[in-house]
Amino acid sequence: MRVTVHLPGLLRADADGAAHVPLEVGDTTVLRGVLDALTDRHPGLDRRIRDDRGELRRYVNVFVDQDECRASGGLDAPVHEGSDVRLLPSVAGG
């Protein structure tokens, strides 16, 4: 199954500058598998996305197509052929 992960500027340095990362994820049908494939390719992203328990960091929002993953199963959110996964870490400041 092919999906595309979109990275904001804040995460691109850990992905060799890539804004979009196309992935082949085999038969994976949930977000966890997509993130596993992404971080296998770009290990530096894992600490930015997930905590030491493997859960999404509190201030990282992940959208699968148009749906925020926490509203549709968290790391078990369904992912389909051709899905767009967007990683959006929150930015604080004022």
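Spin-label pair SER90-ARG58: with each label point 7 Å from Cα along the Cα-Cβ axis, the two points sit 0.8 nm from one another. Evaluated with a Cβ-only charge set (Lys, Arg +1; Asp, Glu -1), segment 8-94 carries a dipole of roughly 440 debye about its Cα centre, given to the nearest 20. With only the Cα atoms considered, the chain has a convex hull volume of 98 Å³ per residue.
Remark: the chain carries 57 Å² of accessible area per residue (probe radius 1.4 Å; ligands, DNA and RNA excluded). Calculated FRET efficiency, GLU68 to ARG2, Cβ-Cβ distance, R0 = 25 Å: about 0.65 to the nearest 0.05.
Of the peptides 13-20, 29-36, the ranking by mean beta-carbon count within 10 Å, highest at the top, reads 29-36, 13-20. What a 1.4 Å probe finds exposed on the chain is 47% carbon and sulfur by accessible area, rounded to a whole percent.
The values are calculated or read from the model by the stated rules, or taken from the named source; none is laboratory data. Here the structure is a predicted model, which is why all the values come from computation and not from measurement. Backbone-built Cβ (ideal geometry, glycine too); neighbour counts: all protein chains shown. These accessible areas exclude ligands, DNA and RNA; they are computed on the full protein's heavy atoms, side chains included. Shrake-Rupley method; radii C 1.70, N 1.55, O 1.52, S 1.80 Å.
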